[in-house]
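Below you'll find the structure, written out as structure tokens, and then a few comments.
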Amino acid sequence: MNRQFGRRAFLGLGAAASVAVGGTTVGRASFSGLDQDFESVSVGGYPGGWRKDGATEQAVVSERSHSGGRSLRLKGGHGGCWEAIANAPIGGHPGETAVRFSGAVLPGAAGSFGCHDKRYARVQLRTDAGGGWSDGSNRTLLTMHRDGTLRAAGGGEVGTFSPGEWISYDITYQYDATAGEVTLEYEFDGGSSGGTTTVDAASWETDLSYLTVRSGDFTTYWDSVVAKAVGGGNQVPEAAFQFAPSSPTVADDVVFDASDASDADGSVVGYAWDLDGDGDYDATGETVVRSYDSGGEYPVSLRVTDDDGATAVTTRTVAVGSGNTAPSASFQIAPQSPTVGDTLTFDASGAEDPDGSIRRYEWDLDGDGDYDETGRIVERTVENSGTFDVALRVTDDDGATDRTRRSVSVGEAENRAPTAAFEATPSPPVAGSATTFDASAAEDPDGSIARYEWDLDGDGSVDTTGQSVEYTFEEAGDVTVTLWVTDGEGTVGSTERTLSVAEPENEPPSAVFDSSTAEPQAGETVRFDASASNDPDGEIQQYRWDLTGDGTRDATGQAVEYTYESPGSTQSGSPSSTRPARRPRAAERSLSPRTR
């Protein structure tokens, strides 16, 4: 895809054969080009004719390389905004001859970019590198931006990269004197197009002298730096490739091999592949591998580039069949050591189909050869001990099947203890009244309860047996009740509860009395007898008498005597109670003493 970034001022190649500087005519230097891979430079050395600038830690090293064994390392100085600059002489501009600038570079790792996040790795053209890093004019051809983008002249994005990984670049530079324009075409990593940008060309003060590579306060490794004129009788390379298998099917790994490609007057340096016919060259390398998700015919194109920048393309059709791969049956069993009575879960989630999906799961759970259960997960409760065969058969969406079989060993079940539980009615119990204890809620998970035993007074010994019993607590207060239940295998379970026995509700006494006469004479002594009074749930503790009807106590005791001195009418009563907390009852009677 081509990109236009618009026209802008560009200090490009001038059209004139010479330019005036300070009234002096300077002849244009002839373009000599550049081809440096650093393999002939000693480790720790520096390529001949190149000039250093900026930070001085610049040398050929063997620790990183894209091809071969050596690269040029440029390491800037942190914090000072100085850049490590390597100026490679190229002699001058080539006029209207197209030039291809290429190479490979590994920018610093993420987090180490730029001078205070302001400067980036660049490929530039310069007019002068003799007086210092800021002398002369320069124009950037390519910028590796700190945000991971590759920027063209003018700042437009032409690709992306990852710091810490190698980038190979090819930039074709073409000056058109008639249009006054410079056109730059970008490719990365052996054929991935970055598009084309066109910028205005203006006269430089002097001829081009250097191709510059530079770094900020991070480290870059340059594996090669090349500037060559395109053309000059170069022969186009021949693109050719083979693939295997020759009749692939879905999900097969197809190997594409371009080792048959050749260049009659040089070497093939770039291989780019369009493996699905969509027009994008999305794989690089002499050999690549691709698998296809569906059958059909796929046009596959190979574009090769020689060491002079010439390219050639060839296309072949790959017919991919819809061959099916059988599924793989697999299942798990839980629990892994079952006993009689356990429910086993058979789970076939681990079964898979590499080129589709499993449509049916069938089970033979009793080893009789019949697949009589279906489903990805099934359950079965085992009733007998022994070893059993379980088989699974899976079928994929193309009808292919696979089977697997496993043995299951089922042991005898261990007896499980019964669970004791009971209810008391009434709750809470009342002293003096019968309480019913019912253990029907007790249960045995693998059998039945054979015996119920009760400790009802908290002394630790068995008082009675039976599922339901009655017991009367004589006194109120807390008491511990224990129930033991025994199953048919002799295993015992128990429960213990503390019950609060309540006081019974008190009923009031009944007050009744007799008098020796109902109509006493003035001055006659009258005897009052309350022996007929009674308490239905206890004993009468006190007798109090009001003999004059004035509401005050005149006497106490079951029987009392009183002499009325004058005739008249009075109310006599005898209130009584069993305990201080009990409400007393009173009996009243009217007497009318008379004159003798």
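The values are calculated or read from the model by the stated rules, or taken from the named source; none is laboratory data. Source: prediction; values computed, not measured. Counting neighbours? That spans all protein chains shown, and the Cβs are built from the backbone with ideal geometry, glycine included. Quick note on the areas: whole protein, heavy atoms, side chains included, nothing else; ligands and nucleic acids left out. Shrake-Rupley method; radii C 1.70, N 1.55, O 1.52, S 1.80 Å.
Observations on the structure shown:
- Given (1) surrounded by fewer than 16 Cβ atoms within 10 Å (Cβ to Cβ); (2) touching a Pro at 6+ places or on another chain (Cβ under 9 Å), index of the condition Ser349 fails: (2)
- Segment 281-295: number of residues that are of a type in the set (D, E, K, R), within 35 Å of the chain's Cα centre (by Cα) and closer than 21 Å to Glu238 by Cα: 1
- Residue match in segment 224-234 (condition: modelled with pLDDT of 90 or more, more than 30 Å from Arg380 (Cβ to Cβ) and of a type in the set (D, E, K, R)): no
- Residue within segment 248-258 that is within 30 Å of Val123 (Cα to Cα), open to solvent by less than 50 Å² (accessible area, probe 1.4 Å) and in a loop (DSSP other than H, G, I, E, B) present: no
- The criterion of at least 3 residues that are of a type in the set (A, V, I, L, M) and open to solvent by less than 30 Å² (accessible area, probe 1.4 Å) is met by the following strands (runs of 3 or more DSSP E) wholly inside segment 477-545: 477-487.
- Failed item in (1) part of a loop (DSSP other than H, G, I, E, B); (2) open to solvent by less than 50 Å² (accessible area, probe 1.4 Å); (3) within 29 Å of Val394 (Cβ to Cβ), with Thr325 passing the rest: (2)
- Residues in segment 291-310 include at least one that is open to solvent by 20 Å² or more (accessible area, probe 1.4 Å) and either in contact with a Leu (Cβ under 7 Å, 6 or more places away or on another chain) or among the aromatic types (Phe, Trp, Tyr) (or both).
- Segment 410-449: number of residues that are under 54 Å from the mean Cα position of the chain (by Cα), surrounded by 14 or more Cβ atoms within 10 Å (Cβ to Cβ) and not in a loop (DSSP other than H, G, I, E, B): 6
- Within segment 450-462, the residues that satisfy the criterion of being under 21 Å from Ala502 (Cα atoms), of a type in the set (D, E, K, R) and surrounded by 13 or more Cβ atoms within 10 Å (Cβ to Cβ) are Asp455, Asp457.
- Meets criteria (at pLDDT 80 or above and open to solvent by 40 Å² or more (accessible area, probe 1.4 Å)) for Pro89: yes
- Once segment 305-334 is narrowed to residues that are under 30 Å from Ser259 (Cβ atoms) and of a type in the set (A, V, I, L, M, F, W, C), the residue that is nearest to the chain's Cα centre (by Cα) is Val320.
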